[in-house]
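Accompanying notes for the structure given below.
What follows draws every value from the coordinates through simple rules; no lab data is involved. If you're wondering where the values come from, they're calculated on a predicted model, not measured in any experiment. Glycine gets a Cβ as well: all are built from the backbone with ideal geometry, and neighbour counts include every protein chain shown.
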Amino acid sequence: MSLKVASVDVGSYSCRLSVADFSPSFNLIYEEGNITSLASGLKDGGYLLEDRIEETLKVIKGYISKAKDLGADRILLVGTEALRKAKNAQEFLGKVKEETGYELRVITPEEEGNFAFLAVAFSLKPQGKFCLIDQGGGSTEFVCGEGFEVEYLKSLPVGIVNLTEEFIKSDPPTNYELESLKNFLDEMIKEVVQPCDVLVGLGGTITTISAIKHGVFPYEGERVHGTKITLDDVMFWLETLSGMKTEERIRVFPHIEPKRAKVIIPGLMIFYRAMMLFNKRELTVSDWGIKEGVLISEYLKRECF
């Protein structure tokens, strides 16, 4: 008998859907993502903005409808950093419950890191000890371990939305802004460096860069998942894109979603500094993250009984 489960990851920057069929084995059958910028403006007043709430809610409703159309037996909704921080998060969660009938569960940074780790361990099976960098809109998780065992997990409250609002005031960014961002990140990342055999990168920034490097357009997650990005690649794209205005990035590189073009520089800076401080010249790119991890967690529970 077929069992289909859907997960919706309501992130600080993007909102994503995955649907998997658990029979006879784990098989992803549908994925979709939209940038809703839920955390935009959150840093200034501590509140989710009304237009961001409405857009995110509209996307969630669309995902639930799609999941039902695909025959999902269960739909799981999880939220991350923006909903951990916002003063009006409960109001938003109540609205989701009221208008969809589904509960949106705000997960802890530890759960977030564990779900991402599970997705990478299950799908890419890195050899030896690996560390993943799950770079999001409002936070970045550093999770290290071997096999399915997490040995170290640290969530840093920095992501592409809050870093852009804090450091990038010019278009294109000035050298001073880039240097300030670099110095700030170095202080944070040096505290989380762990010895590892393999470095893995997650998030829209690094999957976008991989798509450009490997000529994947329009975007197809399965063609990006497991690809390699070198330190030279990251440095080249950081220099290239930070030398362009936002509109030029969109025009020259259609791989970059228009809403992502504004925030991609801090994302690249996170990976650049992490690779330098972890002393790695290459990282493996994962298209799978939290939403797949939620599904795999459910699948493995089922397999155990």
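Just a few scattered comments:
- Each other residue within a Cβ distance under 9 Å of S37 adds +1 if Lys or Arg and -1 if Asp or Glu, for a net charge of +1.
- Think of each Lys and Arg Cβ as +1 and each Asp and Glu Cβ as -1; about the Cα centre, that makes the dipole of the chain roughly 240 debye.
- Based on Cα contacts under 8 Å between residues 6+ apart, the chain shows a relative contact order of 19 percent.
- Measuring between their Cα centroids, the range 61-84 and the range 170-218 lie 29 Å from each other.
- Sorted ascending by nearby beta carbons within 10 Å, beginning with the fewest, F236, F26 become F236, F26.
- By average C-beta atoms within 10 angstrom, highest first, the peptides 103-110, 116-123: 116-123, 103-110
- Tensor-based shape of the range 125-286 (alpha-carbon gyration tensor, a/c under 1.5 rounded, otherwise prolate or oblate): oblate
- Which of M235, M269 has the fewest Cβ neighbours within 10 Å, and the rest in rising order: M235, M269
- All alpha carbon pair distances within the chain were sorted into 20 Å bins beginning at 0; the resulting P(r) in whole percents reads 35, 60, 5.
- Efficiency of FRET between V193 and K58 - r from beta-carbon atoms, R0 30 angstrom, step 0.05: 0.15
- Across the range 4-107, the relative contact order, built from alpha-carbon pairs under 8 Å that are at least six residues apart, equals 30 percent.
- Sorting 5-14, 30-39 by their mean Cβ neighbour count within 10 Å, with the most densely packed peptide first, gives 5-14, 30-39.
- Gap separating the Cα centres of the range 88-121 and the range 1-40, nearest whole Å: 12 Å
- Helix-only [θ]222 nm of the chain, DSSP H runs n ≥ 4, -39500 (n - 2.57) each, per residue, nearest 500: -14000 deg cm²/dmol
- Part-to-part distance (alpha-carbon centres) for the range 271-304 and the range 223-269, which is given in Å: 20 Å
- Annotation: the antiparallel percentage among DSSP beta bridges lying fully within the chain is about 65.
- The range 125-286: relative contact order in percent, alpha carbon pairs under 8 Å with at least 6 residues between: 29 percent
- Cut-off 20 Å (backbone N to label point 7 Å along Cα→Cβ of Y152), residues of the range 97-123: 109-121
- Measuring r between the beta carbons of K280 and D44 and using R0 = 30 Å, the FRET efficiency lands at 0.25.
- Packing, as the average of other Cβ atoms within 10 Å across residues, places the peptides 160-168, 222-230 in the order 160-168, 222-230, highest first.
- Two-site label geometry, R105 and E222: point separation in nm, points 7 Å out along Cα→Cβ: 2.9 nm
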